[in-house]
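**Q** Here it is, the structure in full.
Quick note: the coordinates plus some simple rules give every number you see, no bench work behind them. Treat the numbers as computed from the prediction; the structure is a model and nothing was measured. Note that we place each Cβ from the backbone using ideal geometry, even for glycine, and neighbour counts take in every protein chain shown.
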Amino acid sequence: MPEPILLVDQNHPDRVLAYACPTCGMVVDKTYDSHADDERYRKVAARHCEFHCSKCDVLIIKEGEGKNYPGYGTLCEPCVEKVEQERDQRRFDSAQHLTEEEWGNDSTVSMVVYLDGHDKYFPEGIEELREWWFDFHYVSQHPDGAQQPLPNFPAYVWVCNEIVGVRLDASDILENALEEHSEDAIDNVDIDALQKHLDEWCADPANQICSWEPNFKKLVLLSAEENERFIAKWREEA
Ligand SMILES: [Zn+2]
Ligand SMILES: [Zn+2]
C-alpha cells in the first residue's frame, strides 16, 4: 500500500496534523468520518487517487475498469462475476421449475422465453432458442462442418410476462426537449394539456405498445431428450 504524505507541526515534527494523498497531494479531511481511527484515516489518504474493489479490495487501475454494482459499490470484474453467479443461483433456487411439457401446457405463460447472460428474448419459444444457440455456438464457428464436440444447451430459460401499454410523462418529455433552453422556458406551457394528449395517444389501441420482461419466479428446464432430438434432426439434415 502506498504511504500517505504527512503534514507535521514544524515545531513538533512527531506531531502529525493530517495526511495527504501521495499522488495528488490533496490533504484528506479528517472529519469525513468521525469514527475513523488513525489507521483508517491513513489508509483513506494513501488511497485518495486509487480505486479499489469494494468487495475484495483489489486495486482497480482505472476508474472505468470497475463496474458500479447496485448495493455493492464499485466492483472488480471477478467480483461482478461472482455476485452475478450468486444472484443467478438464488433466483434459480427460489423459482418454480417447469418441464418443457408443463411449460407447453401452462396457459398462464406465454411462448416467449428469456435467456439470461445473453440478454435475449425468443418470441417463438424454446425451439427457436435451440436453433439460435446451435447456430451461435456451433454452426457459425465451424462453417466447414468440422466434427467438433457439440455444445451443451443452456440448462434453463425464464418465462416472460407481457407488458402492454406505456405511460408517457409530459414533464419528462418537456424537460428533455428543453434541456438546452433557459431554465424558465417550461413555465409558460400547459403541461396538463400535453399530458391529456399523451394519455389519449397511449390509450388508442392503434398505438398499443407490447413488450416482454422476464419473470424470475418461473423457469423452464430444457429437456435432455429434446436437445438430443434437435441434434439428431440437425445431423440428418446436414
Ligand atoms: Zn489524490
Ligand atoms: Zn473484487
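**Q** If each Cα of the range 114-238 is one equal point scatterer, what is log10 of I(q)/I(0) from the Debye formula at q = 0.21 Å⁻¹?
**A** Log10 I(q)/I(0), no solvent term: -1.17.
**Q** Oh, and also: Please name whichever of Phe51, Gln96, Ser107 sits farthest to the positive end of the charge dipole of the chain, dipole taken about the Cα centre and charges placed at Cβ: Lys and Arg +1, Asp and Glu -1.
**A** Toward the positive end, the furthest listed residue is Phe51.
**Q** Kindly put Phe122, Phe134, Phe92 in sequence by how many other C-beta atoms sit within 10 Å of each C-beta, fewest to most. Provide the component values of the computation, followed by the final result.
**A** Numbers: Phe122 21, Phe134 18, Phe92 15.
If I rank by nearby Cβ atoms, fewest first, I get Phe92, Phe134, Phe122.
**Q** Search the structure for amide H atoms under 5 Å from the amide H of Thr74, placed 1.01 Å from N in the peptide plane, and list their residues when 5 or more places away or on another chain.
**A** Residues meeting the criterion, in which the H sits 1.01 Å from N, are Ser54, Tyr69.
**Q** Ratio of Rg to Rh for the chain, alpha carbon only, Kirkwood?
**A** Using only Cα positions, Rg/Rh for the chain is 1.16.
**Q** Next question. Can you tell me the order of 159-170, 175-186 when each peptide is scored by its average per-residue count of other Cβ atoms within 10 angstrom, highest first?
**A** For the peptides 159-170, 175-186, the packing ranking is 159-170, 175-186.
**Q** Relative contact order of the chain: what whole-number percent is it, with Cα pairs under 8 angstrom and at least 6 residues apart?
**A** Working: 276 pairs, mean separation 38.3, N = 238.
RCO, the chain: 16 percent.
**Q** Along its three principal axes, how long is the range 133-186 when you only count alpha carbons? Whole Å, largest extent first please.
**A** Rounded to whole Å, the extents work out to 68, 28, 14 Å.
**Q** Among Thr99, Thr74, which comes first, then next, by fewest other beta-carbon atoms within 10 Å?
**A** Working: Thr99 13, Thr74 18.
Going from least to most buried by this count: Thr99, Thr74.
**Q** May I have the count of lysine pairs in the range 81-238 with C-alpha atoms under 22 Å apart, counting pairs 8 or more residues apart or located on different chains?
**A** 4
**Q** With 10 angstrom as the radius, rank Met111, Met26 by how many other C-beta atoms surround their C-beta, starting from the fewest.
**A** With the sparsest Cβ surroundings first, the list reads Met26, Met111.
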